[in-house]
Each structure stands twice: as structure tokens, then as C-alpha cells.
Amino acid sequence: MDIPSAAAGFPDPALVVNYPTALRFVRYRLNRLAHGQMKPWAAAHRFNYARLVEIKKDDRQRHVPLMQRLFVAFGYSVAVIRLVAPGGTKSHFFWFATAEAHALFRQELRAYDELVMQASQF
């Protein structure tokens, strides 16, 4: 019996991004807030301000639930996928609910990357 991957509960790989890519996006979005705006934004969205500052500096994959909440605050519906490698290494991925949301995410991330590249040339 041939079961489509979505029906079987397996994500479409085209709709999945890894933790480092998701973290880069979240950092771009948080850094986009002007000086002094992150604290009120955090309070309005019920985020711990210190955790947001921490996520801007820490590369370890320990902020997965916070990252998922941030994606929701940014207007994206994502599910978390956790894979454990044979050696016990855990990797987290974010699965977008729709192809349209994933395309918008990619477009926004590409725009941020281009702006960062332009800024580094000055």
C-alpha cells in the first residue's frame, strides 16, 4: 500500500529547515527591532527578555521551544522535529505547515542575507 509521506506523518523535506538556518532567521528578526524596542516587544508577546538576548548569542540547540514560539509570533506555523543520530547527537528541525509559508520564510531569509552582505561591503 502506497501511503503519501504527509499522510503517514513524515514531513515533506522541502518544507523543513535545520536549527542553524532557523536560528539565523530568528536572530535577523530580533536584530531588526530598533534599540530599545525588544523589551516592550518581548513583554507584549509574553517572552522573557533575558532569554531573547540569550538566543541572540548562543548557538547551542537548547532553545527549540522558544524558537517555535518565536516563529508563531513572527506569523509562521511550524512543528519541531527531533532526530537522534546513532551516536546520540540530537538535531532539531522546523517543519513549516504549508509550502507558501516555507516560500515566504525563504524569501525573507534571502532578503536578510542580501542586506547583511551589502552592509558588510561598506
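The values are calculated or read from the model by the stated rules, or taken from the named source; none is laboratory data. Because the structure is predicted, anything quoted here is derived from the model rather than measured. Cβ atoms come from the backbone with ideal geometry, glycine included; neighbour counts cover every protein chain shown.
Determine which member of the set L104, L115 is at pLDDT below 95, of a type outside the set (G, A, S) and outside any loop (DSSP other than H, G, I, E, B).
Details: L104 fails: at pLDDT below 95.
Answer to the check: L115.
Do we have F74 as touching a strand residue (DSSP E or B) at 6+ places or on another chain (Cβ under 8 Å) and surrounded by 11 or more Cβ atoms within 10 Å (Cβ to Cβ) here? Before the answer, list the steps.
On the way: touching a strand residue (DSSP E or B) at 6+ places or on another chain (Cβ under 8 Å): no; surrounded by 11 or more Cβ atoms within 10 Å (Cβ to Cβ): yes.
It is false that F74 is touching a strand residue (DSSP E or B) at 6+ places or on another chain (Cβ under 8 Å) and surrounded by 11 or more Cβ atoms within 10 Å (Cβ to Cβ).
Restricting attention to segment 70-85 and to residues that are in a helix (DSSP H, G or I) and closer than 17 Å to N18 by Cβ, the residue that is nearest to the chain's Cα centre (by Cα) turns out to be F71. Given the structure, is V53 modelled with pLDDT under 90, within 25 Å of H35 (Cα to Cα) and among the β-branched types (V, I, T)? Criteria not met by V53.
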